[in-house]
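These notes are about the structure you will find just below.
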Amino acid sequence: MKSNQSLTRRKDPAWIVWALLAPSLIIMLVFTVYPVFRSIAFSFTKYRLGMDAPEFIWLDNYQRLLKSGTFNKVMVNTVVYALLTVLPSMIIGLGLALLVNRPGKQVGFIRTSYFYPSVMPMIAIASVWMFIYMAQNGLFDQVMIALGFGAQNVLSNRNTVLPAMALMYVWREAGYLMVFYLSGLQAINAEVLEAATIDGATGAKCFRHITLPLLAPTSLFVSTIAFTNSFKLADHVIIMTEGAPNNASTLLLYYIYQQGFTNLNYGLSNALTVIMLVLLLIFSLPRFFSQDRKIHYS
Amino acid sequence: MENIKKYSITALSVLLALMWLIPLVWLVGTALTKASFNMSFLPTTPFSTENLEYVWNTIPFGRYYLNTITLVVVTFIVQFFTSTLAGYALAMYRFKGQALVIVIIFMQIIIPNDVLIIPNFMTLSELGLIDTKLGIMLPFLGSAMAIFLLRQSFKTIPRALAEAANIDGATLWQTIWQVYVPCAKMAYMSFAVISVSYHWNNYLWPLIVTNSVENRTLTVGLAYFAKSKEANMQWANVCAATLIIIAPLLLAFFILQKQFMNSFVSAGIKE
Amino acid sequence: MMKRILSLAISLLLLLSMATALAGDAPLELSMYFPVNVGGSAAALIEKMTEDFNAENPDIKVSPVYTGNYDDTVTKIQTAIQGGNPPDLFVSLATQRFTMASTKMAMPLDGLIAADPEGAAFIDDFIDGFMLDSYVEGAIYSIPFQRSTMVMYYNKDAFKEVGLDPEAPPKNWTELVEYAQKLTNENRWGVGLALNSGSAQWAFTGFSLQNCTNEVGLMSADGKEVYFNTPENVEALQLWLDLQNKYKVMAPGIVQWTDLPTQFLAGQVAMIYHTTGNLTNIRNNADFDFGVAFLPAGRQYGAPTGGGNFYITSGISEERQQAAWKYIRFMCSTERAAQWSIDTGYVATRESAYETDLLKNYYADFPAALVAYEQLPYAQPELTTYSAAEMWRILNDNIQAAVTGEMTAEEALQTAQEQGEELLYDFQ
């Protein structure tokens, strides 16, 4: 053990390390590790409002969910919403980064305009956009009426409610992803690009054959952040629609919240939590297999 | 040709910037003018602080401010201690079980706290901490993001410095706080920005944990207000309330924009 | 070495205790959760009335805690009780009483009423229609407080403009459609209904009562059965769809409860179905002549009652129960019921309140306010069953499915019926 210790603190006994780690580790064990196992355990029980103790029912909760039309709808919504938000905000984020990847004072102001939604609480953004999307009187509908399309009332239409929320989300997220692309772009050696230009490569070619491949690790990394972010938010659903119309905008985390805290169905909401964990795990996998990992974590 | 390209890029980026600003402009304009039945992008009614006064007097925002500031500050202070120690341990030692520790820290990065609301609420109620500020903060007092950020930063500090301190007879405790912490200022700044903005903006967990006004945060107070069935040109009041809660962070951001963006990048990458 | 660790531990402990100290202790006084669902400054009024109570009773201090709208409040009460830190009493929907009783969150009040020398008289004085909403299996679980019913507000100026008699609002569904068609133009809808979750089921109770043949609308009185898919109810839902799609006199899709009065006040809709709780608000803000009317009849008149009742949390000490009861008595006293009604537009819950000069003068001055009271004999409780929150969601979701064109009226109510029966299976 001692021989493994670092050079500087040769004489410290092994328990010192654990003492230093303990405060953080205890919190993480209690509020991150334990709840995962707890959710798995409770997902096998019937445990709801008014019951004194959970009742073991093995896989019934999962079977019930698979049969439930609402659950299937929620899963489809969650995936559709992720697709509607992740790719567009990555592309727009990259586009914005390319636009502002140069020095200068005005550029600072422009970057600020793209990024400011990231420092606003989702709850505030949703409160404002709820009125933007308000039927008839809202800004969005006023523009639609002025353009001759008539009032759309997008939040009450099952076909437009998710895209409308996604638009708001992309507005918020693109600036955030932009800063990652900016740092990725700045890491690309200027000489490489210069050499390419001298070789006669034009802007577009340069971008496709040099910049884009070099940004691939950044993109992979950004995509894991973007997916996690799209799954972990229910704030806007709570404020804007509460899942309406007929669960067309119910996302998985909102469904967990609703089953857990409105219906007080702990068994079912823990089963949903387990499903969410699986989803997160799947979409985080690239992080572990990416080349980039070494750069970021070593 | 070059110039045309340059100008068109500038024009496009400015145009987009203006588009991005639409919600904020509308929010500020609506909050600061007399309410009207017809929503418009640019205000059509005279300037007025009526909405701000109304919401400030209707909702105990003073109390919510105090609560949020308390939470943000105490959370950061505790994280400062816990993460410094853990970050130092991970940067300086090799030990049995290290891999397991890393895995546990990783788990927190992959699994956002909001996803675990159900089991964590159960734990918290067993601990009797529902509707307490401690309950809101507890899950965040060990921060994986901060630990990685600080570990990274500590690793870049030349060991000679620490060895010199060691020879001078400095204890471990002194070495950490007097040698390592001052050398990692930038990392602490990033971590402070991220921690403060996360906890200022956090909603779902405080919503679930708090019941009383004594513990309610700004975001929860705003949501209750925005969802309340108070009728009539509600948007003017909700905009005013929103402005009240976003103003401090937004102002800080506009002043320190570069620091903010860099912090988000370094924390994100460390995540 | 030990010293260092010790100092580390102590500083951590200090920090934690500091955090705990900042977290504050639970107050020893009674706490009460209450929702506010309507316009105006009802929250401030409740706080004011509570201050009066506290001043009158120096030994008790009730702290009212505003916990959002009705839905939020239900959630908060549940989580507070589950979290072991419940309020002593609370205002929640009358429809929550079966859930409150079956989960033992609230206590039966019969003991407190019997022990109170004036208890029986106090209960007798409540309007029957409202007391209906207080019983679970024969025991009283809640006391009517901020009770409302749905009325129709209509824009008299708009009526005049299209040649309708402003003193003759539509009396039945046929007239409703006919008038709405006349009132609809490019900038104005004829009629408006809020169809968001939490509002649609309320309005639908009214339409169901107007159309039913046996005085049974959506559910049985014991809260254990639902009758969503009767032909009469399908007909009622079809009327909504027709107003939107066939006659095109109502905004398509879902209009929010909160937006509807604003649209009415802005002149964008000529007749709206809304709560009496909004009366004061509309009166203060309308810049046109408006009227208040009975909901148009189908086969007969019908309207939903709704709103919140007082509950006392089960498991609190007897001393606290007594104090909570005293507070409820105070808040529901005749004079206060009258004043509360005037200030908010909610319906006064006590018969004796209508004998006070306060209300008599008010009605003389503002006859529109009397409409809600006169309509009460036709009113019945809104959808109330066991697992009320889930049942609401089921009905609302399926109504929305019909409104957004996902299902026909019949399919929607059939689905609602099946889901509702499954939910109530445990209580049969």
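The values are calculated or read from the model by the stated rules, or taken from the named source; none is laboratory data. Computed from a prediction, not measured in an experiment: that's the story for all the values here. All Cβ positions, even for glycine, are placed from backbone atoms using ideal geometry, and neighbour counts span all protein chains on display.
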Every residue from the range C:372-401 that is facing another protein chain (nearest Cβ under 9 Å) and part of a helix (DSSP H, G or I):
C:389, C:390, C:393, C:396, C:397, C:398, C:399, C:400, C:401
Do we find that residue B:196 is under 22 Å from the mean Cα position of the chain (by Cα), in a helix (DSSP H, G or I), away from chain C (no Cβ under 14 Å) and farther than 21 Å from residue B:86 by Cα in this structure?
no
Just one listed residue, out of A:172, A:158, is of a type in the set (Lys, Arg) and part of a loop (DSSP other than H, G, I, E, B), and it is A:158
What's the number of the only condition in (1) in contact with a His (Cβ under 9 Å, 6 or more places away or on another chain); (2) surrounded by fewer than 22 Cβ atoms within 10 Å (Cβ to Cβ); (3) of a type outside the set (Ser, Thr, Tyr) that residue C:194 fails to meet?
(2)
Residues of the range C:322-357 being within 20 Å of the chain's Cα centre (by Cα), outside any helix (DSSP H, G or I) and within 22 Å of residue C:368 (Cβ to Cβ), which ones?
C:345, C:346, C:347, C:348, C:349, C:350
For a quick check of your reading: which helices (runs of 4 or more DSSP H) sit entirely within the range B:14-111 and have at least 3 residues that are over 21 Å from the mean Cα position of the chain (by Cα), touching a residue at least 12 places away in the same chain (Cβ under 8 Å) and within 7 Å of chain A (Cβ to nearest Cβ)?
B:61-92
Residues satisfying the stated conditions in the range B:112-149, i.e. away from chain C (no Cβ under 14 Å) and crowded, with 24+ Cβ neighbours inside 10 Å
B:115, B:116, B:143, B:146, B:147, B:148, B:149
Check the range A:126-134 and report whether any residue there is surrounded by fewer than 23 Cβ atoms within 10 Å (Cβ to Cβ), in contact with an Asp or Glu (Cβ under 8 Å, 6 or more places away or on another chain) and facing chain C (nearest Cβ under 10 Å).
no
The one condition in (1) touching a residue at least 24 places away in the same chain (Cβ under 8 Å); (2) in a helix (DSSP H, G or I); (3) in contact with a helix residue (DSSP H, G or I) (Cβ under 7 Å, 6 or more places away or on another chain) that residue A:248 fails to fulfil:
(2)
Does residue A:71 fit the bill of being among the aromatic types (Phe, Trp, Tyr), part of a helix (DSSP H, G or I) and within 14 Å of chain C (Cβ to nearest Cβ)?
yes
In the range B:1-54, what count of residues is obtained for those that are surrounded by 12 or more Cβ atoms within 10 Å (Cβ to Cβ) and basic (Lys, Arg)?
1
Select, from A:195, A:216, A:201, the only residue that is part of a loop (DSSP other than H, G, I, E, B), surrounded by fewer than 18 Cβ atoms within 10 Å (Cβ to Cβ) and of a type in the set (A, V, I, L, M).
A:201
Return a yes/no flag: does the range C:207-229 have any residue that is touching a residue at least 24 places away in the same chain (Cβ under 8 Å) and within 14 Å of chain A (Cβ to nearest Cβ).
no
Kindly check whether there is at least one residue in the range C:86-95 that is at pLDDT below 95, in a helix (DSSP H, G or I) and assigned by TED's automatic domain parsing to the domain that holds residue C:331.
yes
(1) out of contact with any Phe, Trp or Tyr (no Cβ under 7 Å at 6 or more places or on another chain); (2) more than 27 Å from residue A:219 (Cβ to Cβ); (3) of a type outside the set (Gly, Ala, Ser) all hold for residue A:121 apart from (1)
Scanning the range C:111-134 residue by residue, those crowded, with 17+ Cβ neighbours inside 10 Å and closer than 29 Å to residue C:257 by Cα turn out to be C:126, C:127, C:129, C:130, C:131, C:132, C:133, C:134
Whichever residue in the range B:156-179 is in contact with a helix residue (DSSP H, G or I) (Cβ under 8 Å, 6 or more places away or on another chain) and facing chain A (nearest Cβ under 9 Å) and, among such residues, is farthest from residue B:81 (Cα to Cα)
B:166
Looking only at the range A:37-68, and only at residues there that are in a loop (DSSP other than H, G, I, E, B) and among the polar types (S, T, N, Q), the one that is surrounded by the most Cβ atoms within 10 Å (Cβ to Cβ)
A:43
Test residue C:73 against the stated conditions and say whether it is within 14 Å of another protein chain (Cβ to nearest Cβ), in contact (Cβ under 8 Å) with a residue 12 or more places away in the chain, outside any strand (DSSP E or B) and surrounded by fewer than 22 Cβ atoms within 10 Å (Cβ to Cβ).
no
Would you point out the residue of the range C:35-52, among those that are surrounded by 24 or more Cβ atoms within 10 Å (Cβ to Cβ) and of a type in the set (A, V, I, L, M, F, W, C), that is modelled with the lowest pLDDT?
C:38
When residues of the range A:51-68 are filtered for being in contact with a helix residue (DSSP H, G or I) (Cβ under 6 Å, 6 or more places away or on another chain) and either farther than 22 Å from residue B:114 by Cα or within 14 Å of chain B (Cβ to nearest Cβ) (or both), how many remain?
1
Are any residues in the range C:258-296 within 14 Å of chain B (Cβ to nearest Cβ), among the small types (Gly, Ala, Ser) and outside any loop (DSSP other than H, G, I, E, B), and if so, which ones?
C:277
From the option list A:253, A:268, single residue qualifying as in contact with a Phe, Trp or Tyr (Cβ under 9 Å, 6 or more places away or on another chain) and closer than 30 Å to residue B:268 by Cα is A:253
Can you find even one residue in the range B:224-240 that is farther than 30 Å from residue C:284 by Cβ, within 9 Å of another protein chain (Cβ to nearest Cβ) and free of Cβ contacts under 8 Å to residues at least 60 places away in the same chain?
no
Select from the range A:91-105 the residues that are assigned to a helix (DSSP H, G or I) and either more than 13 Å from residue B:257 (Cβ to Cβ) or at the interface with another protein chain (Cβ under 7 Å from one of its Cβ atoms) (or both) and list them in ascending order.
A:91, A:92, A:93, A:94, A:95, A:96, A:97, A:98, A:99, A:100
Specify the residue that is surrounded by the fewest Cβ atoms within 10 Å (Cβ to Cβ); the eligible residues are those in the range C:243-262 that are over 18 Å from residue C:408 (Cβ atoms) and either within 23 Å of the chain's Cα centre (by Cα) or among the hydroxyl-bearing types (Ser, Thr, Tyr) (or both).
C:262
